[in-house]
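The values are calculated or read from the model by the stated rules, or taken from the named source; none is laboratory data. In this text, all values refer to a predicted model and were calculated from it rather than measured experimentally. Methodologically, a virtual Cβ is constructed for each residue, glycine included, from the backbone with ideal geometry; neighbour enumeration extends over all protein chains shown.
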Amino acid sequence: MVKSVRLFFFALLVLNAPVLRADDQVAVTVQRPWMRAVPDVMDSTAVYMVLVNTSSVPAELVGGSTTIADSVAPMITTKEGEGLKQVVGMQGVDALEIPAHGTLVLEPNGNHLMVMGLKEHPKEGTQVDFTIKLEPGDHEIHLKIPVQKKPVK
Amino acid sequence: MSVVSPNTTSVPNPPAKRPFFDWRVWTVAIVLLVAVGLAVLFGVKQNAQQGFFGMRLFPLKTAYDFKLQGANGAEVRLDQFQGKAVLFLFGFTHCANICPTSLTNLTEVYQALTPEERKQVQVVFISVDPNRDTPQTLEQYVTSFDPTFIGATASKPAIDQTVLAYGGSYEMVAGPTNQTNDYSVNHSAYTYLVNPSGKLELLYGNEKLAEVSKMVSDIRAVLREPRS
């Protein structure tokens, strides 16, 4: 009995494998990416963009990297408390979901990719090499991101 | 189950017909009409007075006179800006999202004012992280947004007193590496507008600051108010 159940699941796995692999193809496109130009005294900055998932499976933004900084991490903005006592903060998360046929918006005051330990200061008007990491499939998208003070209008 | 036979309802006598010009009905109607009219008029007037984009405080109270340190040992006190509208906010320079967003928006608001108006407006950024933010760092930080902006901080007790006086709050949160200097600060993200008479008048949540033209019209309205 146990054996047949195992066999059944094994068969299921094998039969589904090609399908799973097809879904592994992350179909995410990036729109309007930008890195915030920050004062020289700052050792961190943030990257914003809109991620569009055109596939029927959810994807996740799990991180990124850039040559100009030590690390990149997905962050959410938190709000605790009400009224005047409300405090706004940020919190690192393992992943930010991009729903199937949906979008993930990274924007000022909201979700963002925090770029920490700046080794080189991003200058306004320049472009920075930036890679984002997506799951499933350990997928990477290489971008050239403009450095600016405000969102792309 | 027993079948209940419906009671035969007796038809009540029809009420005596009131004359059309019943004075009681008309009195009530007129009183109501006048009341509604007054309420509408009063409401419109109230709206015109309180048509602010920011959250307006009422009654207006004298704003707490914070005493902080600016660059080069200069004291930064709220009272020194009497006669100006002061926009101030709490934050810290290691903040990568909220603080630079707020300051970028405030820069845009400030620069949308006329040069004459700008002379009557002061933006102050108060760091709640004196451990990492020196007055010098703060000056470099805020002046990169606009050269007239002032950065200030103080000892922790003075900061706490200031935050408390404005009903705000903040807390340090350990960062991912758990090292001493790896922490973030969750903080009140309101911008407070103190009018030229030194009264705390308007509050803005951080997301409101992006509405540049509405911010500008609030500031203009505050500058036009009669001074008390």
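Of everything in the stretch A:43-61 that's closer than 19 Å to A:I76 by Cβ and surrounded by fewer than 18 Cβ atoms within 10 Å (Cβ to Cβ), which residue is nearest to the other protein chains (Cβ to nearest Cβ)? Give the steps one after another, and end with the answer.
Keep residues of the stretch A:43-61 that are closer than 19 Å to A:I76 by Cβ, which gives A:44-51, A:53, A:58-61.
Filter once more, so that each one left must be surrounded by fewer than 18 Cβ atoms within 10 Å (Cβ to Cβ): A:50, A:58.
Working: A:V50: 16, A:P58: 24 Å.
Of everything passing the filter in the stretch A:43-61, A:V50 is nearest to the other protein chains (Cβ to nearest Cβ).
Is one or more of the residues making up the stretch A:91-100 assigned to a strand (DSSP E or B) and more than 13 Å from the chain's Cα centre (by Cα)? The answer is yes; a qualifying residue exists.
For the stretch A:62-69, check the following and say yes or no: at least one residue is assigned to a strand (DSSP E or B), within 10 Å of the chain's Cα centre (by Cα), of a type in the set (A, V, I, L, M, F, W, C) and within 14 Å of chain B (Cβ to nearest Cβ).
So the first thing to find is which residues in the stretch A:62-69 are assigned to a strand (DSSP E or B), and the list is A:62-66, A:69.
From the residues that got through so far, the ones that are within 10 Å of the chain's Cα centre (by Cα) too are A:62-64.
Still in the list and also of a type in the set (A, V, I, L, M, F, W, C): A:62.
Subsequent filtering for residues that are within 14 Å of chain B (Cβ to nearest Cβ) retains none.
No, because not a single residue in the stretch A:62-69 is assigned to a strand (DSSP E or B), within 10 Å of the chain's Cα centre (by Cα), of a type in the set (A, V, I, L, M, F, W, C) and within 14 Å of chain B (Cβ to nearest Cβ).
Got at least one residue in the stretch B:56-78 being modelled with pLDDT of 85 or more, in a helix (DSSP H, G or I), out of contact with any helix residue (DSSP H, G or I) (no Cβ under 8 Å at 6 or more places or on another chain) and surrounded by 11 or more Cβ atoms within 10 Å (Cβ to Cβ)? Yes - at least one qualifying residue is present in the stretch B:56-78.
Taking the stretch A:65-115 as the search range and keeping residues that are touching a residue at least 24 places away in the same chain (Cβ under 8 Å) and of a type in the set (S, T, Y), which one is surrounded by the fewest Cβ atoms within 10 Å (Cβ to Cβ)?
Kept after step one, since they are touching a residue at least 24 places away in the same chain (Cβ under 8 Å), are these residues of the stretch A:65-115: A:65-77, A:90, A:94-115.
With the extra rule that they be of a type in the set (S, T, Y), the set shrinks to A:65-67, A:71, A:77, A:103.
Numbers: A:S65: 16, A:T66: 24, A:T67: 10, A:S71: 15, A:T77: 18, A:T103: 13.
Selected residue: A:T67.
May I ask you to verify whether B:T148 is among the polar types (S, T, N, Q), at pLDDT 95 or above and surrounded by fewer than 19 Cβ atoms within 10 Å (Cβ to Cβ)? Yes: the conditions hold for B:T148.
Confirm whether B:S169 is within 21 Å of B:N206 (Cα to Cα), under 25 Å from the mean Cα position of the chain (by Cα) and at pLDDT below 95. Step through it out loud before you land on a result.
Working: within 21 Å of B:N206 (Cα to Cα): yes; under 25 Å from the mean Cα position of the chain (by Cα): yes; at pLDDT below 95: yes.
Answer is yes for this residue.
For the stretch B:75-115, the candidate set comprises residues that are without any contact (Cβ under 8 Å) to a residue 24 or more places away in the chain, more than 10 Å from chain A (Cβ to nearest Cβ) and not basic (K, R); within that set, the residue that is nearest to B:L193 (Cα to Cα) is B:Q80.
Among the residues that make up the stretch B:122-141, is at least one of them under 20 Å from the mean Cα position of the chain (by Cα), over 25 Å from A:M75 (Cα atoms) and either within 14 Å of chain A (Cβ to nearest Cβ) or of a type in the set (A, V, I, L, M, F, W, C) (or both)? Yes: the stretch B:122-141 contains one or more residues that are under 20 Å from the mean Cα position of the chain (by Cα), over 25 Å from A:M75 (Cα atoms) and either within 14 Å of chain A (Cβ to nearest Cβ) or of a type in the set (A, V, I, L, M, F, W, C) (or both). Scanning the stretch B:190-227 for residues that are of a type in the set (S, T, N, Q) and either more than 22 Å from B:G167 (Cβ to Cβ) or not assigned by TED's automatic domain parsing to the domain that holds B:Y64 (or both) yields B:S213, B:S217. Residue count for the stretch B:185-202, restricted to those that are facing chain A (nearest Cβ under 9 Å), more than 10 Å from the chain's Cα centre (by Cα) and closer than 30 Å to B:A221 by Cα: 3. Check off (1) within 11 Å of chain B (Cβ to nearest Cβ); (2) over 16 Å from B:G205 (Cβ atoms); (3) outside any strand (DSSP E or B) for A:L84 and give me the number that stays unchecked. Single failed check for A:L84: (2).
Taking the criterion of being among the β-branched types (V, I, T), within 25 Å of A:V115 (Cα to Cα) and more than 7 Å from chain A (Cβ to nearest Cβ), the residues of the stretch B:161-184 that qualify are B:T177, B:T180.
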